[in-house]
Amino acid sequence: QVQLVESGGGLVQAGGSLRLSCTASVRTFARNVMGWFRQAPGKEREFVAAVSWTGGSTYYGDPMKGRFSISRDNAKNSVYLQMNSLKPEDTAVYYCAAGVMSSSTLATMTSDPVAYDYWGRGTQVTVSS
């Protein structure tokens, strides 16, 4: 029922920044976690960041800590991913995702793509060296 649409990808030089947006076409509270994953050519899908819809708890993959930040705008039914100090290895298709997770499992399940049942089509991020 909910559609996720990513935007904000593009080409940026190493050390630069990008801000990705993910907007749900229909406001919903059925999914309590929204996150970002990325997939580079020849690599497995990798967890980037996630935020709980209520409470705003955030989670990050190790390579993103200190560089990326995820935020939520309830009024716009959107989540954002601010990416700073970008590196060529950050080049990937970035996917927005939404899922339902119990509060007791947030710390572990947010990084597991199987926990998400709605996915955007992705937006390309390319970081040049």
Item to check | Carbon plus sulfur fraction of accessible area for the chain, probe 1.4 Å, in percent | outcome: 49 percent
Checklist entry - What is the distance, in nm, between label points placed 7 Å from the Cα along the Cα-to-Cβ direction at K65 and at S128? => result 3.3 nm
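Could you provide, to the nearest whole Å², the per residue accessible area of the chain with probe 1.4 Å? All intermediate terms of the calculation are to be shown ahead of the outcome.
Working: 6510 Å² over 129 residues.
Per-residue value: 50 Å².
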Checklist outcome for this item: Output ordering of 46-57, 64-75 (per-residue mean of other Cβ within 10 Å, highest first) is 46-57, 64-75
Next on the checklist: Given the C-alpha atoms of segment 19-69, compute the convex hull and give its volume per residue in Å³.
Outcome noted: 108 Å³
Checklist outcome for this item: For segment 1-109 (alpha-carbon point model, no solvent) the Debye-based log₁₀ I(q)/I(0) at q = 0.13, 0.20 Å⁻¹ works out to -0.46, -1.07
Checklist outcome for this item: Everything considered on the Cα gyration tensor (a ≥ b ≥ c; rounded for a/c under 1.5, else prolate if a/b is larger than b/c, else oblate), segment 89-129 must be described as oblate
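The values are calculated or read from the model by the stated rules, or taken from the named source; none is laboratory data. Note that the structure is a prediction, hence the values are computed from the model and not measured. Neighbour counts run over all protein chains shown; Cβ positions are idealised from the backbone, glycine included. Quick note on the areas: whole protein, heavy atoms, side chains included, nothing else; ligands and nucleic acids left out. Shrake-Rupley method; radii C 1.70, N 1.55, O 1.52, S 1.80 Å.
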